[in-house]
Amino acid sequence: MNGSPDPASPGRARRLVLTMAPPLLILLVPLVLTTVFAERLPDRAYVEGVTAQYAHPWDGWVRLHIQGVVLAEVWYVVLFVHYWRWPELQRWVVTAAFGVSVWPAAADAVNIVALLDATGPAPLPAWELPVELGAAALAGLAGWRLAGPLPSPPEAAAAPPPGVPLMDLAPGQRAVYTASTWSRRKLRNGAIWLAAAALTVFTFSTGWQGTAMLALTGAFEILQARTRLQIDDRGVELTLPWLGRLRRAIPFPAVRFAEVRPSASGQWLGLVGGERGWGYVGGPGPVLALLLADGREFLYSTKDAGTAAALVNASLNRARQGAAGC
């Protein structure tokens, strides 16, 4: 195991700074652009659906962004502190901070550019959507990369405890387990997000960014509804076939042991998960539970959870008995 009493300590300060920096772009981008192009902008910041006499002057429009920056900073810092011991989850917070912050900053930049040399409201350019989406995606990728390598995760060395399911594997025998499942929770959540997106289109929304965010979240939830699990001599691998076969693997050294549960809550689960763990629970029924060395869990709904747990424990036994005999 990692010898540090706080395995998340290496790189934590870096990840915290990277979390707090991006929201400042929401204020700095329009502030810089309105300062640089002050002589080429109309007197007021025209907003879609708002007549000129009610539009804010540019200095007032920029000041409105301060509240958004403060709220964003508070939200991301609280989320980061909540995941204080989990560097993997902190990296996701950094990624979200970059992508979500750059999106409105890019939108403001497009709006300001569209108003250069204009005398009143101007139509947004056709390249608005791809620029904003592309900037947000690239920013998220940059945040992921800048977060740097994560500390080495803790590893388990002890064999599974007595009483857990255990398969009898002969020396050299290889077994593979595969299963697939649907998550009704993911389908339901996706439908709710898409319905909210549709509601904003037909009711109060005057901008597309919020609608797009709701729609993308709903689509992402639905695309996670179909999952595939494979257990072999390398470890446990989860695949999302509808997301370009996106994968996440759990090597056996990261697993303490496996057990079967009659049911489990899946509210906090998914490919990223949270401080309690990650995985996919499709509904009522048996659940494969892997107790991980970092204190979290991996849960997966499968009717053959007993077989899956027995294979994991047999593989752990063989690997750790072999290591002990070296």
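The values are calculated or read from the model by the stated rules, or taken from the named source; none is laboratory data. Just so we're clear, the structure is a prediction, and the values are computed from it rather than from any experiment. Reconstructed Cβ throughout: ideal geometry from the backbone, glycine too, with neighbour counts over all protein chains shown.
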The residue from PRO10, PRO22, PRO42 that alone is assigned to a loop (DSSP other than H, G, I, E, B) and at pLDDT 95 or above is PRO22
Of the residues in the range 94-118, those that are crowded, with 22+ Cβ neighbours inside 10 Å and β-branched (Val, Ile, Thr) number 3
| Any chance the range 236-248 includes a residue that's in contact with a helix residue (DSSP H, G or I) (Cβ under 6 Å, 6 or more places away or on another chain), at positive phi and in contact (Cβ under 8 Å) with a residue 12 or more places away in the chain? | no
Does the range 252-265 include one or more residues that are touching a strand residue (DSSP E or B) at 6+ places or on another chain (Cβ under 9 Å), at pLDDT below 90, buried (at least 19 other Cβ atoms within 10 Å of the Cβ) and not aromatic (Phe, Trp, Tyr)?
-> yes
Checked the range 127-141 for anything closer than 16 Å to ASN111 by Cβ and either touching a Ser or Thr at 6+ places or on another chain (Cβ under 7 Å) or small (Gly, Ala, Ser) (or both); matches are ALA135, ALA136
Output for Cβ contacts, cut-off 8 Å, separation at least six or different chains, first residue assigned by TED's automatic domain parsing to the domain that holds THR239 in the range 290-308, second assigned to a helix (DSSP H, G or I), reads LEU290/VAL312; LEU292/ALA254; ALA293/PRO253; ALA293/ALA254; ASP294/ALA254; TYR300/ALA308; THR302/ALA308
Taking the range 245-291 and the residues there that are among the hydroxyl-bearing types (Ser, Thr, Tyr) and in a loop (DSSP other than H, G, I, E, B), the one that is nearest to ALA319 (Cα to Cα) would be SER263
